[in-house]
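Colleague: Sharing a structure, written as structure tokens. Questions coming.
The values are calculated or read from the model by the stated rules, or taken from the named source; none is laboratory data. Predicted, not measured: the structure shown is a model, and the values here were computed from it. Cβ placement follows ideal geometry from the backbone for every residue including glycine, while neighbour counts extend to all protein chains displayed. Just the protein is used for accessible areas: all its heavy atoms, side chains included, with ligands, DNA and RNA removed. Shrake-Rupley method; radii C 1.70, N 1.55, O 1.52, S 1.80 Å.
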Amino acid sequence: MTPPDQLPLPLLPARTARGRDDFFVSPSNAMAVAMIDNWRTWPGGKCLLTGPQGSGKTHLAHVWATASGARIIPALDLVQADIPDLAQQPVCVEDVHVITGNRPAEEALFHLHNLALAQGQPLLITGIGAPQGWPLTLPDLQSRLLSTQILRLEDPDDALLGALLAKLFADRQIVPAPDVLPYLLKCMPRSHDSAARIIAALD
């Protein structure tokens, strides 16, 4: 029961903004954003978007899906997916690094890659780290990924980190005091993941 001198506080769930206007462009991500915006010019009709945890890969995937009409699917869900149906439209496969060593999932991605490109449908793949470091068990899939243009999201500069903190506060409907952002920028580790963990803890 709520004490008589304490007002109940309705906690609102975080609503992540993933529109194009919500993505802050800085030197650390400008090249990747430009290639996402110009997706019709991708070499071979495909791109691989990499970056550290929390760097904006999912946000950019949603930006691209809105622009291209693509479907987004987690790599782990490919085994149960209808691959020929997926290949009928632009498609984004997220977190491919998590299926390394999972032979059925790797084979599903290999078939999706070939079918989509054969039908002229663009393919966006996301993951943490470079594909050279992914211990894939399917050599044909590895060769396909190594031939894919890589877009890298780098660790944030101060401008991007400040914008990211402001966005994460806004996602959680929090209005920080004016001195909070400068203090966090001065003291926190310089990474996307740190920003997300700090704002979650403050919330």
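Colleague: How large is log10 I(q)/I(0) at q = 0.13, 0.23, 0.26 Å⁻¹ when the Debye formula is applied to the Cα atoms of segment 74-158, each weighted equally and without solvent?
Modeller: Here log10 of I(q) over I(0) equals -0.39, -1.16, -1.46.
Colleague: In deg cm²/dmol and to the nearest 500, what is the mean residue ellipticity at 222 nm of the chain if only DSSP H runs of at least 4 residues count, each as -39500 (n - 2.57), divided by the residue total?
Modeller: So the calculated ellipticity at 222 nm is -12000 deg cm²/dmol.
Colleague: Calculate the tail of P(r) for segment 12-171: the fraction of all Cα-Cα distances greater than 24 Å, expressed in %.
Modeller: 32 percent
Colleague: While we're here: Compute the accessible area per residue over segment 48-186, keeping the other protein chains in place, probe 1.4 Å, unit Å².
Modeller: 44 Å²
Colleague: Next question, about the same structure. At 7 Å along the Cα-to-beta-carbon direction for both residue 103 and residue 149, put a label point, then send me their distance in nm to one decimal.
Modeller: Reported label-point gap for residue 103 and residue 149 is 3.5 nm.
Colleague: A further question on this structure: Given points 7 Å out from each Cα along the Cα-Cβ axis, report the residue 173 to residue 25 separation in nanometres with one decimal.
Modeller: So the two model labels end up 3.2 nm from each other.
Colleague: Place a +1 charge on the Cβ of each Lys and Arg in the chain and a -1 charge on the Cβ of each Asp and Glu, then give the dipole magnitude about the Cα centre in debye, rounded to the nearest 20.
Modeller: The dipole of the chain has a size of about 240 debye.
Colleague: May I ask for the distance between the Cα centers of segment 126-170 and segment 85-114, given as a whole number of Å?
Modeller: 16 Å
Colleague: Next question. Place a point 7 Å from the Cα of residue 137 along the Cα-to-Cβ direction; which residues of segment 63-89 have their backbone N under 18 Å from it?
Modeller: Answer for this model: 75-80.
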